[in-house]
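Written out below as structure tokens is the structure these notes cover.
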Amino acid sequence: DTGVSQDPRHKITKRGQNVTFRCDPISEHNRLYWYRQTLGQGPEFLTYFQNEAQLEKSRLLSDRFSAERPKGSFSTLEIQRTEQGDSAMYLCASSLGGGNVLANYGYTFGSGTRLTVV
Amino acid sequence: GQQVMQIPQYQHVQEGEDFTTYCNSSTTLSNIQWYKQRPGGHPVFLIQLVKSGEVKKQKRLTFQFGEAKKNSSLHITATQTTDVGTYFCAGRASGSARQLTFGSGTQLTVLP
């Protein structure tokens, strides 16, 4: 499979519990992004990795959110002490990256993890 | 922070009619990308525009990037039922070659 894989596809959790999502990007892609999408809205940026380095994190992102990409391959997104407002689709995307903005660096998205906090 | 707005939010067209969605950024963009998300699916990359005034075509789809690199449009000629979905523009702010800021999308419904 040459696409972006996300696991699990669905997660239902009780408020206050911790959850962790996994993303396996396209192996040739050095950039990995996490976005969150709620119904009727566009994807909202959460964080970005180039190889294993986390280079950007949204200022809107609570301290309860943390992401890792330990070996520059797969990534995990953890949400601690979940709240009902965390319910959303969490999308992972990967792309090639570099300094040449003229190159075609479209994102390839995974199918997402739908989180429901009850 | 950077904001990307899209209009209209919803558009219903009869099959065969044309469709246009517009995207406006609060800041100058280094480039803009367009994505399509089918109902229940995930965003799929369509195209990237980089140059001021650039126009690109993909079959019935025409993409434009404004001269000031702050706006863009997607025009679909003679819509088909397969065009159904939400179309998002996503801009990368000048000076940053990393994250994309997505618009809120235009949801297209094509009536047969």
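No value in this document is a laboratory result; all are computed from the given coordinates. Bear in mind that the values here come from a model prediction, so they are computed numbers and not experimental data. Using ideal geometry, Cβ is built from the backbone for each residue, glycine included, and neighbour counts are taken over all protein chains shown.
Of note:
- When each of the peptides A:7-14, A:32-39 is scored by the mean number of other C-beta atoms lying within 10 Å of its residues, the order from highest to lowest reads A:32-39, A:7-14.
- Note on A:86-97: average number of Cβ atoms from other chains within 10 Å of each residue's Cβ is 1.
- Inter-label distance, nm, simple model (7 Å from Cα along the C-beta direction), A:LEU61/B:ASP18: 4.2 nm
- Cβ neighbours within 10 Å from other chains - mean over A:39-48: 5
- Proximal lysines to A:LYS57, defined as alpha-carbon separation beneath 30 angstrom and excluding residues fewer than eight positions away on the same chain: A:LYS11, A:LYS14, A:LYS71, B:LYS36, B:LYS51, B:LYS69, B:LYS70
- Neighbour cut-off at most 14 other Cβ (10 Å), DSSP loop, trypsin sites (Lys or Arg not before Pro), the stretch A:51-83: A:ARG59, A:ARG64, A:LYS71, A:ARG81
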